[in-house]
Each structure stands twice: as structure tokens, then as C-alpha cells.
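I'd like to ask you about the structure that follows.
The values are calculated or read from the model by the stated rules, or taken from the named source; none is laboratory data. Bear in mind that the values here come from a model prediction, so they are computed numbers and not experimental data. Because the Cβ atoms are built from the backbone with ideal geometry, glycine has one as well, and the counts that use them run over all protein chains shown.
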Protein chains: 2
Amino acid sequence: MTGIDTVIDTVVERAAAAGTKWRATPAAERATILEGVADALLKHLDELWPVADAETHLGEVRLRGEVGRTASQFRLFAEVLRDGGSAEAVIDHADPGATPPRPDVRRMNHPVGVVAVFAASNFPFAFSVAGGDTVSALAAGCAVVVKAHEGHPETSDLTASVVRQALPDPDLLGLVHGFDAGGPLVRHPLVSAVGFTGSLAGGTAIKGLIDQRPDPIPFYGELGSVNPVIVLPSADAAAVAAGFAASLTLGVGQFCTNPGLIFVPEGPDGDRSGFEGAIGDAVAATTGGRMLTAKIHDGYLRAVDRLSGRAGVARLATGAAGTAADAVTPQVFSVSLEAFADGLPELGEECFGPTAIVVKYRNLSDLPAVLRRLPGSLTATVHAAAQVGGQGAGQVGVQGADQVGGQGAGPEEAADIVPVLERLAGRLIWNGWPTGVAVTWAMHHGGPWPASTAPAHTSVGAAAIRRWLTPVAYQDWPEAFLPPELRDDNPLGVPQRVDGHLRT
Amino acid sequence: MTGIDTVIDTVVERAAAAGTKWRATPAAERATILEGVADALLKHLDELWPVADAETHLGEVRLRGEVGRTASQFRLFAEVLRDGGSAEAVIDHADPGATPPRPDVRRMNHPVGVVAVFAASNFPFAFSVAGGDTVSALAAGCAVVVKAHEGHPETSDLTASVVRQALPDPDLLGLVHGFDAGGPLVRHPLVSAVGFTGSLAGGTAIKGLIDQRPDPIPFYGELGSVNPVIVLPSADAAAVAAGFAASLTLGVGQFCTNPGLIFVPEGPDGDRSGFEGAIGDAVAATTGGRMLTAKIHDGYLRAVDRLSGRAGVARLATGAAGTAADAVTPQVFSVSLEAFADGLPELGEECFGPTAIVVKYRNLSDLPAVLRRLPGSLTATVHAAAQVGGQGAGQVGVQGADQVGGQGAGPEEAADIVPVLERLAGRLIWNGWPTGVAVTWAMHHGGPWPASTAPAHTSVGAAAIRRWLTPVAYQDWPEAFLPPELRDDNPLGVPQRVDGHLRT
């Protein structure tokens, strides 16, 4: 074995040993420990953010907020464990009179084993060593080995030491560094599943390594997204332009939910009045900044260069660079719907950074066919007249295409588009912006490839725990060996489905 | 395009068009239609089984039973749809006072799109055109295109015509034939997920094709299993031997749950008294039969040949061939635990057919280390003193290894083995046999590779529907466009998780 192989072997074997005890720790105890991690992160906030700022240039406000979000994620999963629903306990009693006779069968979820996590560049806390993959895997009862992102190694080390203080065994959270660590980590026989947040190229490479295993294991990759925004004719141009420019340039555009495509009605005679002009003016007034790493910086410049040379694509506006060293400028381009369609699939690819394409359509009815050709996305957003946002807006049936009255105001404008978006993206947003992902029970952060390698699963929110769980069914099993979640007297009070009936 | 490409293209496009209406059909209506399919299958039972018998040689009793099981699966999924829990509706109301403010987010499952299903050789009904993959996908709201198994093409055609009579659109169930159809089917851009039941080699090939797609889609393959049986010293040798021989030879051993390994205590001085002798006698008294296809027949003979030549492996017993044309004989081999361990991984591979290896152990404490080296399995079975089977047997804590009293009678004998089995197999059976998979809410038919390509999922039972569903989250979405499952007034009465609390 080479040096890095030996290191990985040691870290994974220690994690597996620690994981054997952790998986046998009752869920309620795991919940208390996760809350202890949340406390530890907040206690060390003043030490954590400056180290991350030096490595990522993301600034105090953002980084303090991100540590808070990271701690909140630990609290959410403590709540998930106390609820008990993630065990998915199901009990079918025996039916000796059935044809054929039915045995007693009981099923619940168990931890999958050691989870390898690849940290992301753009969230040094919330999608890194103590991020959503790590906390959901720990909650599931798995040990974790994180491959630190090269962009913030010191932040990674410091975070790991803070988290380990609150864990019953520091080996539950392994940490390895360096590009070369990725291969041996995903190939290790004791690693049972892999989580990844990063680029399509990086995710594809890891998938290739996993597929070479004698036992290809589950791979949950979130590979980024172009996040189309569809602006309906009834929307307010000034509000859309301001909101879009802010979402586009937040964090120097370095979010997997960054809005990279915005479809707007074309102004009269194709001129720059209306949406296109307002968006150009708003982006021209923005300021860029320094990107996370030199690699990301160079990739952004190359992507913008490629865009500006494409047929039918015009530069619409460029923001200011700002005063930071190596700062990049926000840039938007515009293109007709026809030229955009001709430029697919390339024009539908994500450009990581503060750039987007404004796609101008003449007829709303032309949009569905083009939207169907977009790659899978984490989000899709609709903007319409402000008063129809929120709950309880109207009574339009979503299947009633014949009720659509063309380009009038109101939600009915979107009737032909909504079914297309439901198949395109994992999260649909009305009159909002895709950046900002709430960490809640209902959140879904996923979508068809390349948004995710496993579109049935999410990397954010309570359901993220499911990626690290595998069911075990027990047939005519002695009560002595049944997990408490599956006993008839339900000593832990978890939700159980008994003979087909869900009981909370 | 070649001829087969054109055929596949037409069938998939028609399925996709039919699927667009089907996904918009309310779940309660889909339930009624599934019940109509169950009725149609039973109505045509007298026509269905003889066609299948001519192609598979499985006999009237088995095939009538299998059509019944197939109809039951349609009824179970009608029940699943009426329950509504598979929608997994989650509602988080907005919290404008949170930091940062939380939007209203609601999530539920939607159908993934057109599902390609590869039918199995060994269940011409229950895992074929109208099998578990098809019914769970139809229940999810997906259109299905089945690649018929070459072993029963006429059964496939007849089944499809019966099912289509009960569907609102015959194009919802496409059917294609021939080995060459598989590639274009899994490569088709409108196919969104693939289900497969078959061999490790076949599944690996399909996985390779899917991985070459520009958008690798989910692959749910059940690739077979060696299904270890662990016989504890307290078990009754005569009962174990009789049950094992029956399970081994059921359906000429052609089940993915066939018990291919049985670990038994070695008799005094290694002689043939006790378990080994009883198993040899029981298998010698069995009769084989004709296998499903010539390919399976040849594969069985090759596998048995390979086994008989391996170091330390002795032929223990051979059953009778019986009178059927091309009938094969059941065969069992025996080997010491040490020689078995030396022969891994090859000795842990599945041999499809009525053959198994009897592995003799001297000390129960030697077993866990060897069991940990076995490949993932659909099932693992424990046999112990008969009186401790079933529910309510004892009070032994599963984590209490220090409470284990060695090889005495009672469930405590299994204390060190149970945690190993929980990581080895998807279904654990006590004092029973793995053949026979109940179609119920709690069933799990899956396991680590190669039992399954997706160990979090099952291909049998109510949870099988989840493979064909993908979540969509709606953020601040107008009520006019919200699916009824996500409305606050819950008009369909589905289980909802509201602000973290599960409500049934």
C-alpha cells in the first residue's frame, strides 16, 4: 500500500470500530449528542469564522450565519431522532389463515455503515466537515470519514476538533486531506455509501471510482444546477430585476442554487425596455468579488468567455469587480428563445459564478417545449404578479390547460409550465429566489441528473437521513432480538405502521 | 436508427404520452384501476397458466398460485394508494420570525417518469410483465415498458393483453422482446428509471449501459443471493434437514431466495452423525427436475462441476433427477469452516439451482468472522431450538455479548451472530426458510450488493413503490397549483407531517 492508502485504511478502520458502538446507541442518546455538537460549534464560533474567512474570503456575516445554520442542522436531526419516524417501523402480524400462510414480518431502518463525505468548496461549514451529509449520517447511526475540501483545510481541521469534543468517540468523525485521498476512500471495503457536493466533473469522477468497486455502493452526489427562473408577463420588472441581481451575485454567485437562466418576455420590437433592460441595469449596478479558489476563478472566466462567443448570445451587462484582490465581475448575457434552443445542451450547462443568461420569449406557449429540454435542476422558479404569491391565491386546476387565458395576469398564466417544472426540478419557488435553502422537514434539495445522482433523495432537510439507512425485515424473529422500535408494546413510542395502519 | 431502435422508440414514446395522463390521474382512481387488473388476471387464470407451463415447466399448482400472488400484488398497491402514505406529504408553514426567515415549504412524491422493467426468468407472472416492478411503477403513476424474458415470450404477450384490457390506455404497458431490445430501452432519453430481477452478470451489464447515458438514471436491480442459513447447536437436526431439503429443491432451486449455504455444528469426531448426516440423507431423498431454460440448465451444471473440484469441498449427497426431460439432480457439498473461509469469495457466490454447501463449524464463536466476509444477501436464516421461535420468547438484550452463555439452548446462542446478520442481509428469518416472500407492508426484499444495486430499496412489498417516486418541494407556492395532498385542508385525508408532527 502507498502512504495515502495506509492513512485511509487506518482512519476508516477506526471509524468502523467506533461506528459499531454508535449504531447500537439508542436514538435518543444520539439526539442528545448531536445537540452537544451544536452547542460546541456555537461555543467556538469566534474561533471558527476567522479561520474560514482567511481561506474562503466569504466574510464575517456570512460565515457566522453559516456556523449558525450548521448548528441548526444538528438540532434538526436531534428532533428527527426523537420523533422516531425515520426508523420507518412496520409490523405485519402473522396470518396463518392466509393462502399461503403469512409469517410475522417486521421492518425498520438500520445505519448503512461507514459513510464517506466529500466536502464542498462553497460552504466551509454547512456542506463540509460538520455539514448536512455528516450530521445526517451521524444521526442515522453511521460513522463518517470526511475528505476535506482543498479550499479550506485549516477550517476543516478546526471544525473536526470542535465536533469531536462532543462525540463519545473521536474516531466517529474521520478526516482526510488531499486530492489523492478520494480514490482510496471510496474504494475502501468498509465504506458503505458516499456523499458528495460539488461539480459535475468531480461527481462523475467519483461515480466512476465507485462503479469499479467489486460491490458498487450507493453514491449520493449533488452536482450543481442551472436553476431556471421563468418570469411571466404579469410580473413586475423592477422587482424581478432587483431580486435577480441580488440572488445572482450573493456569495459571488458561488451557490449550487444560483439562478443561471432567466426566461423573460421580450419587450416591444425586441428593444431593451421591460424585463431585459431592467435586469441589465440591475446587474450593471452589482459588485463581484474574490472567488473561493484559483481553480473556481479560472473556471468562471473560461465559462464566461465561452458564453460570449456563442451564436446569438449578446453581452447584456457587466457589474463592477470591486476592490478585492483577483475579484471577478458579474456578467449577464441575453439570447432569443430560438437561439437558446439551438444552443442546447451547452447553453443549459451550469456556469459556477455570478453569470446568467437572459432568454427572451415572445409567446409563453413556446416555453414548455424548451423547458423540457433543460437538464435536471435543483430548483425552478416562477415569477408572476406579486398579489398571487403565497397560499390561498386562486382556484385554477393544474390540469386545466383549456382554462388558460393566454398571457393575462394571475397564476393561470403558469398552468402549462407547472407540470413541466415538476419533472425538471426538485424544488419549485413562487415569486422568490432559489438561493437560500431552508433546513426543515419538507425541504428537498435534489432533482434529476445532474442536479443529483439519486433523484429520490435529498441532501438538505430531515429526509437527508434516509440516504444512510437500509431496511432490515425480521421474519418470525424472537422478541429477545427485536429492536425496541419493532416491539408490539412500542416502548420508545415511535410511529409504527401496524397491519397496514399508520399509528403516531 | 436500426429496426429495434425504431421499435423501442415508438413503444417508449407512446408509453410516455400515456404516462402524462396517468400521472395526473388521482391516486384513488389509479387504485380502482389496479384492482381491475387483479380481477382481469384471475378471470383469465385458466388461459394464463397453461401457456406459462409450456414455456417454463413450473406446473399447474405453482403457476396458478403465482397468478394469484400477482393479482394480490395489484390489490396491495391499490391499498397503498388509498392509504396515501406513499405520497409522503410534508408541510412546513412559513416562519417569518426565524433567522433567516423561513418560507412555506411543502413536499410530496411524484412519479419518476417512464420505467423500464426487465422481467425475470423464474417467475413468469409475479416478477414479469405484470410483476412487482410493473405494479409498483403503475401505482406510482408511471408508465412501464417491459423487456420480456426470452424464457416465456408467449406468456408475456398474453399477460400484457390481459393487463391492458383493464388499463385506461394500453400504451401504459409497453412490451418489447429480444436480447437486443435491452440496450436501446435503457438508453432511451424518455426512460427515467430501470427495474431488473436476474443474474449478477445481467444486472452488471445493464448497470454498465445505464452508466453510459449522458444522464445516468436510477437502477434498481435484484441480482440474486446465496442466502446463508445458520443452524445453532440447539436446533433439531431432523427438522432442519427436512425443511432445508424442501426449500433447496422447491421449484428446482430456481429462486433468488434459495438457501445456498448452511452452517451446521460438526458432529462428534467429524463423522456423519448429526446435522451433516441428516441433511445428506434428506437431500438424497429429493427429486430434481427440468430447469427453466437451456442457459440456466447449463449454468447449473457448470457451477456444480466447479464446486466439486474445489479444495476441501466434498460431495455430500445427490438427489434423483426424476423423469422430466433434461432433468437435473439436487446436489449438496460439505466443507469445513476453515476450508470455506479459504475458498472465499468464490465459495460465497450464488449457484442458481438446487445446490448448496454445508459448512461445518466446531465453535459457534468462529462464525461471526466468516459471516462478515460473505457477500450481501437477500436473506439470512437462523435455526435454534424450536420452542424459542416466534414472538415473546425471551429477554436477552441484543447488545449484551457478555450475557451469552456459549452454546447452550435458547436464543442467547445467537447473540453474537444477530448483529452480523443485520448488516449482511435484508431479511432475517428465525426457524423458517427463505423461499417464499410475503407480499406485505413490512416486507423487505433487498440487501447489500450483489443482493441489490440499491440497498435502501425493496422490490417486494408496499415500499417497492418508493423506487419510482421522486420528491418535489413547493416553496411559497400558490394553492391553486398545489397538489391536494399538500393543502392545509387535506381533502384526500392522506397522512401529512405538518410542522414536524406526523398526522394520520
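Which one of these does A:Arg213 not meet: (1) buried (at least 24 other Cβ atoms within 10 Å of the Cβ); (2) in the same structural domain as A:Gly195 (by TED's automatic domain parsing)?
Exception for A:Arg213: condition (1).
Determine which member of the set B:Ala181, B:Ala193, B:Ala201, B:Ala166 is surrounded by fewer than 16 Cβ atoms within 10 Å (Cβ to Cβ) and hydrophobic (A, V, I, L, M, F, W, C).
That would be B:Ala201, the only listed residue that is surrounded by fewer than 16 Cβ atoms within 10 Å (Cβ to Cβ) and hydrophobic (A, V, I, L, M, F, W, C).
Kindly check whether there is at least one residue in the stretch A:139-161 that is out of contact with any helix residue (DSSP H, G or I) (no Cβ under 7 Å at 6 or more places or on another chain), touching a residue at least 40 places away in the same chain (Cβ under 8 Å) and outside any loop (DSSP other than H, G, I, E, B).
yes
Hey, among the residues in the stretch A:88-112 that are of a type in the set (Gly, Ala, Ser) and surrounded by fewer than 24 Cβ atoms within 10 Å (Cβ to Cβ), which one's nearest to B:Pro448 (Cα to Cα)?
Here the answer is A:Ala94.
Moving on to the next point. How about the stretch A:127-154: which of its residues are among the β-branched types (Val, Ile, Thr) and either more than 15 Å from A:Val176 (Cβ to Cβ) or modelled with pLDDT under 95 (or both)?
Taking the stretch A:127-154 first, the residues among the β-branched types (Val, Ile, Thr) are A:129, A:134-135, A:144-146.
Listed by number, the list holds a single entry, A:Val135.
Here is a yes/no grid of residues against (1) part of a helix (DSSP H, G or I); (2) of a type in the set (A, V, I, L, M); (3) over 14 Å from B:Arg164 (Cβ atoms); (4) more than 14 Å from every other protein chain (Cβ to nearest Cβ):
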| position | (1), (2), (3), (4) |
| --- | --- |
| B:Val7 | yes, yes, yes, yes |
| B:Ala15 | yes, yes, no, yes |
| B:Gly19 | yes, no, yes, no |
| B:Thr25 | no, no, yes, no |
| B:Glu29 | yes, no, yes, no |
| B:Leu34 | yes, yes, no, yes |
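Of the residues A:Ala278, A:Ala317, A:Ala282, only one is more than 26 Å from the chain's Cα centre (by Cα), surrounded by 19 or more Cβ atoms within 10 Å (Cβ to Cβ) and part of a strand (DSSP E or B); which?
Checking each option against the conditions leaves just A:Ala317.
So, one more: With the checklist (1) surrounded by 19 or more Cβ atoms within 10 Å (Cβ to Cβ); (2) assigned to a helix (DSSP H, G or I) in hand, flag the one item A:Arg306 doesn't pass.
Of the numbered conditions (1) surrounded by 19 or more Cβ atoms within 10 Å (Cβ to Cβ); (2) assigned to a helix (DSSP H, G or I), the odd one out for A:Arg306 is (1).
Quick check on the stretch B:101-113. Is at least one of its residues in a strand (DSSP E or B) and free of Cβ contacts under 8 Å to residues at least 60 places away in the same chain?
Within the stretch B:101-113 (the criterion being in a strand (DSSP E or B) and free of Cβ contacts under 8 Å to residues at least 60 places away in the same chain), the answer is yes, since at least one residue qualifies.
Let me ask something else about it. Kindly provide the set of residues from the stretch A:193-221 that are in contact (Cβ under 8 Å) with a residue 60 or more places away in the chain and not in a helix (DSSP H, G or I), ordered by number.
Just the residues of the stretch A:193-221 that are in contact (Cβ under 8 Å) with a residue 60 or more places away in the chain, to begin with: A:193-200, A:202-203, A:206-207, A:218-221.
Matches in the stretch A:193-221: A:Ala193, A:Val194, A:Gly195, A:Phe196, A:Thr197, A:Gly198, A:Ser199, A:Pro218, A:Phe219, A:Tyr220, A:Gly221.
Can you name every residue in the stretch A:101-120 that is farther than 18 Å from A:Ala139 by Cα and either at the interface with chain B (Cβ under 7 Å from one of its Cβ atoms) or among the aromatic types (Phe, Trp, Tyr) (or both)?
A:Arg102, A:Pro103, A:Asp104, A:Val105, A:Arg106, A:Arg107
Out of the residues in the stretch B:45-92 that are farther than 30 Å from A:Ala462 by Cα and not in a helix (DSSP H, G or I), which is farthest from the other protein chains (Cβ to nearest Cβ)?
Result: B:His57.
Which numbered condition in (1) modelled with pLDDT of 90 or more; (2) more than 30 Å from A:Ser452 (Cα to Cα) is the only one that A:Val370 fails?
Going through (1) modelled with pLDDT of 90 or more; (2) more than 30 Å from A:Ser452 (Cα to Cα) one by one, A:Val370 breaks only (2).
Filtering the stretch A:467-504 down to residues that are assigned to a helix (DSSP H, G or I) and within 7 Å of chain B (Cβ to nearest Cβ), which residue is surrounded by the most Cβ atoms within 10 Å (Cβ to Cβ)?
A:Phe481
Okay, moving on. If a residue has to be without any contact (Cβ under 8 Å) to a residue 60 or more places away in the chain and either among the small types (Gly, Ala, Ser) or over 26 Å from A:Gly426 (Cα atoms) (or both) to count, how many in the stretch B:442-460 make the cut?
Number satisfying all stated conditions: 4.
Next question. Out of the residues in the stretch B:82-133 that are of a type in the set (Val, Ile, Thr) and touching a Leu at 6+ places or on another chain (Cβ under 7 Å), state the one that is farthest from A:Pro434 (Cα to Cα). Lay out the reasoning, then the answer.
Initially, the stretch B:82-133 is screened for residues of a type in the set (Val, Ile, Thr), giving B:90-91, B:99, B:105, B:112, B:114-115, B:117, B:129.
If we keep only those that are touching a Leu at 6+ places or on another chain (Cβ under 7 Å) too, we end up with B:91, B:112, B:114, B:129.
Values: B:Ile91: 19, B:Val112: 22, B:Val114: 28, B:Val129: 42 Å.
Within the stretch B:82-133, the match that is farthest from A:Pro434 (Cα to Cα) is B:Val129.
Something else about it: What residue, among those in the stretch B:427-452 that are more than 7 Å from chain A (Cβ to nearest Cβ) and among the hydroxyl-bearing types (Ser, Thr, Tyr), is nearest to B:Ala193 (Cα to Cα)?
B:Ser452
Moving on. Which pairs do you get when a residue that is under 14 Å from A:Thr155 (Cα atoms), found in the stretch A:50-77, comes within reach of a residue that is of a type in the set (Ser, Thr, Tyr), reach meaning Cβ atoms under 6 angstrom, with the pair 6+ apart or on two chains?
Hits for this filter: A:Val51/A:Thr155; A:Ala52/A:Thr155; A:Glu55/A:Thr155.
Of everything in the stretch A:326-344, what is modelled with pLDDT of 95 or more and part of a loop (DSSP other than H, G, I, E, B)? Give them in sequence order.
Residues satisfying the conditions are A:Thr329, A:Pro330, A:Gly343, A:Leu344.
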